[in-house]
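Report on the following structure.
The values are calculated or read from the model by the stated rules, or taken from the named source; none is laboratory data. Remember, predicted model here, so these are calculated numbers, not experimental data. So basically every Cβ, Gly included, is an ideal-geometry build from the backbone, and we count neighbours across all protein chains shown. In case anyone asks, the SASA skips ligands and DNA or RNA and just uses the protein heavy atoms, side chains included. Shrake-Rupley method; radii C 1.70, N 1.55, O 1.52, S 1.80 Å.
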Amino acid sequence: MTNKGFTLIELVLVIAILGILAVSAMPKMISITNEANIATHEGIVTNVIAGITLYGSLQMALTGIESYPAVLDSADNDKNCSESNVCFSLIVRNGVTRDWRKKSHVFYEHLPTGYLYKYDFTDGSFIKFNPPESI
């Protein structure tokens, strides 16, 4: 009589090898996730700046005066951006609904990186802001 199948030792060895391979792949997966968060962050910042610039250009074409929106959205202050609290909706199509927090009418925080940005409607700038220790 011939047995066709695997022994318990063979199965345990295969499972152990697969476990080792999975553990060795984890740091790469974490690195890819961090890189994706940074790339998404940079893309949104670029879109916000482009939206502000386009808004200013449109105002210049329509009125002859370059001006920028007083606010970037109607989202609530000191709340995370979400489907019900959309950030950057006045300058980015469909706005931003995750990974950002509107701190005030001029400050926005990117949650995964902790970067804080300041919007200045007088010159249309949206720049990374390094707050003093007391903030």
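In the list ARG93, ARG98, which residue meets the criterion of being loosely packed, with under 14 Cβ neighbours inside 10 Å, charged (D, E, K, R) and in contact with a Cys (Cβ under 9 Å, 6 or more places away or on another chain)?
The conditions single out ARG98.
Take the residues in the range 81-106 that are in contact with a Leu (Cβ under 7 Å, 6 or more places away or on another chain) and not in a loop (DSSP other than H, G, I, E, B), then tell me which one is farthest from ASN47 (Cα to Cα).
The selected residue is ARG101.
Is it fair to say ILE38 is in contact (Cβ under 8 Å) with a residue 60 or more places away in the chain and open to solvent by 70 Å² or more (accessible area, probe 1.4 Å)?
When the stated conditions are applied, ILE38 passes them.
Every residue in the range 107-119 that is open to solvent by 60 Å² or more (accessible area, probe 1.4 Å) and part of a strand (DSSP E or B), please.
Of everything in the range 107-119, those that are open to solvent by 60 Å² or more (accessible area, probe 1.4 Å) and part of a strand (DSSP E or B) turn out to be TYR115, LYS118.
Of all residues in the range 84-124 being in contact (Cβ under 8 Å) with a residue 24 or more places away in the chain and among the small types (Gly, Ala, Ser), which is farthest from GLU66 (Cα to Cα)?
Filtering first and then ranking leaves SER104.
Which of the numbered conditions does ASP76 fail, given that it passes all the others? Conditions: (1) under 23 Å from THR122 (Cβ atoms); (2) touching a strand residue (DSSP E or B) at 6+ places or on another chain (Cβ under 6 Å); (3) open to solvent by 50 Å² or more (accessible area, probe 1.4 Å).
Among (1) under 23 Å from THR122 (Cβ atoms); (2) touching a strand residue (DSSP E or B) at 6+ places or on another chain (Cβ under 6 Å); (3) open to solvent by 50 Å² or more (accessible area, probe 1.4 Å), ASP76 violates only (1).
Across the range 120-130, what is the number of residues that are exposed (fewer than 14 other Cβ atoms within 10 Å of the Cβ) and at pLDDT below 90?
1
Please specify each residue of the range 55-70 satisfying the condition of being assigned to a loop (DSSP other than H, G, I, E, B) and surrounded by fewer than 13 Cβ atoms within 10 Å (Cβ to Cβ).
Result: GLY64, ILE65, ALA70.
Which count do you get for residues in the range 79-90 that are open to solvent by less than 70 Å² (accessible area, probe 1.4 Å) and touching a Gly at 6+ places or on another chain (Cβ under 9 Å)?
Result for the range 79-90: 5.
Run VAL45 past the list (1) open to solvent by 50 Å² or more (accessible area, probe 1.4 Å); (2) under 27 Å from SER31 (Cα atoms); (3) among the β-branched types (Val, Ile, Thr) and report the number of the one that doesn't hold.
(1)
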